[in-house]
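Q: Structure in structure tokens, see below.
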Amino acid sequence: MARITAGIATSHVPAIGAAIDLNKTKELYWAPVFQGYEFVKEWIKKNTPDVIVLVYNDHASALMMDIIPTFAIGFADEFESADEGWGRRPVPVVKNHIDLAAHIAEQLVIDEFDITLINEMDVDHGLTVPLSLVFGQVEEWPCKVIPVVVNVSQFPTPSGERCWKLGEAIRNAIKTFPEDLDVQVWGTGGMSHQLHGSRAGLINEEFDRKFIDLLAHEPEELKYITRLEYLREAGTEGIELIMWLIMRAALGYGVEEKKRFYRVPASNTAVGHVVYEAKS
Amino acid sequence: MPRTRLYSLDDLEDIPGTKVFTARRSRQGYYLHKFCMSLMKEENRDEFRADERAYLDKFKMTEEQKQAVLDRDLTKLIDLGGNMYFLVKLASTDGMSAQKAVSATSGMSADEYAKMMLEGGRNPAGIRSIRDKN
């Protein structure tokens, strides 16, 4: 049977991807950000999964305009890096695990998550920056990736509580997949940031640190943060943190925290990152 | 039976200086966003750069939206239904960083904004709610 072995959360700031692609990671501005990922880059070498279920949001690259699904799952064989206005990121093509993706899609609908299947899309920085942060610059990604796409941009987004339940349903789906696979679930986005208006540049370090404090061992407390509270406290884009809840719920009751990292700023955003190993 | 909700959607309008991207705003910005997403292809970026006005006229945007694009008035574009994830494609076409694009809507200069970010960002104290002034 498939096992959920670990979870990773990380911000997915596009400028981080650009810093990697343009070899700026040692520069004064960027070095402290990338230092926070030294642990995971080593850790992943011994803990490379067969498949990552990678939860992210599309930033008006494939979705958000003609079709705006609340929850969707990538169902193509492969996904190319999107051209977000400055050319495609020079990263490997992302390869799906169709059998597991199909199983998850079916199980989610049975569990009353009416998820959208996407047979063709490019993936943007929301998905590729976390892969680059963890695996570095590689010729091929070392495992399969199933994209799970959440609407966190057009209101109303799903609630944190709903995202938690989706994480639980993803957990149940993975654990009932008959093939012998190691699976990780990653949650991306956040932490606090707002990208427009007189509140642009908002960073709420107290909120962010409390979120990381509670996520490992008292995540139930985070479930009930309302959408409005995310907006007020963490900024209009800080609500991406609901995707960290999907990861955390998928890991089940007990986790061992292997790494936590927090740093301000990367471009407009507070960067957060955790690595959890699953115990159950 | 009306359902009990934790808060009214009207509360989304209670955050200072913030236009929450609702379904209605998404509809208002739809053709503007069609234009922005067209800039995800190099040949379209080239065509836009060659004759901005002619390129914009291919889209069903309002005249006000077209003028705000020509003026690169990102604040105005957000007032007209724009969302930063789309608008950043326009900024990228101009070779402008996301941080500069965001700072252009903040009322601060790009340098002041970059300095604020380096110093830990904008503190949320006093800008959580118009009504509660906290």
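Q: How many of the residues making up the range A:200-257 are surrounded by 24 or more Cβ atoms within 10 Å (Cβ to Cβ), among the small types (Gly, Ala, Ser) and either out of contact with any Gly (no Cβ under 7 Å at 6 or more places or on another chain) or within 23 Å of residue B:12 (Cβ to Cβ) (or both)?
A: 5
Residues are listed down the side, and each one gets a yes or a no for (1) touching a Phe, Trp or Tyr at 6+ places or on another chain (Cβ under 9 Å); (2) at the interface with chain A (Cβ under 7 Å from one of its Cβ atoms); (3) of a type in the set (Lys, Arg):
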position: B:81; (1), (2), (3): yes, no, no
position: B:90; (1), (2), (3): yes, no, no
position: B:100; (1), (2), (3): yes, no, yes
position: B:108; (1), (2), (3): no, no, no
position: B:112; (1), (2), (3): no, no, no
position: B:118; (1), (2), (3): yes, yes, no
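Q: Tell me, yes or no, whether the range A:198-220 has at least one residue that is facing chain B (nearest Cβ under 9 Å) and of a type in the set (Phe, Trp, Tyr).
A: Within the range A:198-220, one or more residues are facing chain B (nearest Cβ under 9 Å) and of a type in the set (Phe, Trp, Tyr).
Q: Go through the residues of the range B:15-26 one by one and say whether even a single one is over 17 Å from the mean Cα position of the chain (by Cα), more than 7 Å from chain A (Cβ to nearest Cβ), assigned to a helix (DSSP H, G or I) and surrounded by fewer than 19 Cβ atoms within 10 Å (Cβ to Cβ). First the steps, then the outcome.
A: Keep residues of the range B:15-26 that are over 17 Å from the mean Cα position of the chain (by Cα), which gives none.
For the range B:15-26, residues over 17 Å from the mean Cα position of the chain (by Cα), more than 7 Å from chain A (Cβ to nearest Cβ), assigned to a helix (DSSP H, G or I) and surrounded by fewer than 19 Cβ atoms within 10 Å (Cβ to Cβ): absent.
Conditions (1) within 14 Å of another protein chain (Cβ to nearest Cβ); (2) of a type outside the set (S, T, N, Q); (3) more than 21 Å from residue A:190 (Cβ to Cβ), marked per residue:
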| site | (1), (2), (3) |
| --- | --- |
| A:117 | no, yes, yes |
| A:122 | yes, yes, yes |
| A:127 | no, yes, no |
| A:131 | no, yes, no |
| A:138 | no, yes, yes |
| A:142 | no, yes, yes |
| A:147 | no, yes, no |
| A:152 | yes, yes, no |
| A:156 | yes, yes, no |
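Q: What do you reckon, is residue A:66 surrounded by fewer than 22 Cβ atoms within 10 Å (Cβ to Cβ), out of contact with any Lys or Arg (no Cβ under 7 Å at 6 or more places or on another chain) and modelled with pLDDT under 95?
A: Values: surrounded by fewer than 22 Cβ atoms within 10 Å (Cβ to Cβ): yes; out of contact with any Lys or Arg (no Cβ under 7 Å at 6 or more places or on another chain): yes; modelled with pLDDT under 95: yes.
Judged against the criteria, residue A:66 is a match.
Q: Only residues that are under 18 Å from residue A:14 (Cβ atoms) and surrounded by 23 or more Cβ atoms within 10 Å (Cβ to Cβ): list them for the range A:133-152, please. Steps first, answer last, please.
A: Step one: filter the range A:133-152 for residues under 18 Å from residue A:14 (Cβ atoms), giving A:133-137, A:147, A:149-150, A:152.
Scanning the range A:133-152 gives A:133, A:147, A:149, A:150, A:152.
Q: In addition: Are there any pairs with C-beta distances below 8 angstrom linking a residue in the range A:44-69 that is more than 9 Å from chain B (Cβ to nearest Cβ) to a residue that is among the charged types (D, E, K, R) and assigned to a loop (DSSP other than H, G, I, E, B), with the two at least 6 apart or on different chains, and if so which?
A: From residues that are more than 9 Å from chain B (Cβ to nearest Cβ), the pairs are A:62/A:122; A:62/A:124.
Q: Pull out all pairs, ordered by first then second residue, where Cβ-Cβ is under 6 Å, the residues are six or more apart or on different chains, the first lies in the range B:22-43 and is assigned by TED's automatic domain parsing to the domain that holds residue B:59 and over 14 Å from residue A:63 (Cα atoms), and the second is crowded, with 19+ Cβ neighbours inside 10 Å and among the aliphatic types (A, V, I, L, M).
A: Matching pairs, first to second residue: B:31/B:61; B:32/B:61.
Q: Now for a separate question. Quick one: count up the residues across the range A:241-269 that are within 15 Å of the chain's Cα centre (by Cα), over 24 Å from residue A:42 (Cβ atoms) and of a type in the set (Gly, Ala, Ser).
A: 1
Q: Report whether or not residue A:189 is within 9 Å of chain B (Cβ to nearest Cβ), on the phi > 0 side of the Ramachandran plot, surrounded by 24 or more Cβ atoms within 10 Å (Cβ to Cβ) and in contact (Cβ under 8 Å) with a residue 60 or more places away in the chain.
A: Details: within 9 Å of chain B (Cβ to nearest Cβ): no; on the phi > 0 side of the Ramachandran plot: yes; surrounded by 24 or more Cβ atoms within 10 Å (Cβ to Cβ): yes; in contact (Cβ under 8 Å) with a residue 60 or more places away in the chain: yes.
In short, no.
Q: Here's a follow-up. Give A:18, A:31, A:82 a once-over and let me know the one that is out of contact with any helix residue (DSSP H, G or I) (no Cβ under 7 Å at 6 or more places or on another chain) and surrounded by 22 or more Cβ atoms within 10 Å (Cβ to Cβ). Explain how you work it out, then say what you get.
A: Working: A:18 fails: surrounded by 22 or more Cβ atoms within 10 Å (Cβ to Cβ); A:31 fails: surrounded by 22 or more Cβ atoms within 10 Å (Cβ to Cβ).
Residue meeting the stated conditions: A:82.
Q: For residues in the range B:38-55 being buried (at least 19 other Cβ atoms within 10 Å of the Cβ) and in a helix (DSSP H, G or I), which is nearest to the other protein chains (Cβ to nearest Cβ)?
A: Taking the range B:38-55 and keeping what is buried (at least 19 other Cβ atoms within 10 Å of the Cβ), we get B:39-40, B:45, B:48, B:55.
In the following step, the residues that additionally are in a helix (DSSP H, G or I) were identified as B:45, B:48, B:55.
Details: B:45: 8, B:48: 11, B:55: 15 Å.
That would be B:45.
Q: May I pose another question? Taking residue B:95 as the residue in question, decide whether it is more than 10 Å from the chain's Cα centre (by Cα) and not aliphatic (A, V, I, L, M).
A: Values: more than 10 Å from the chain's Cα centre (by Cα): yes; not aliphatic (A, V, I, L, M): yes.
So residue B:95 passes the test.
Q: Give me the pairs: first residue in the range A:243-270 and modelled with pLDDT under 95, second residue among the charged types (D, E, K, R) and surrounded by fewer than 21 Cβ atoms within 10 Å (Cβ to Cβ), beta-carbon distance under 9 Å, and six or more apart or on different chains, which are they?
A: Taking only residues 6 or more apart or on different chains, the pairs are A:253/A:279; A:254/A:279.
The values are calculated or read from the model by the stated rules, or taken from the named source; none is laboratory data. Here the structure is a predicted model, which is why all the values come from computation and not from measurement. Here the Cβ is made from the backbone with ideal geometry for all residues, glycine too, and neighbour counts use every protein chain on show.
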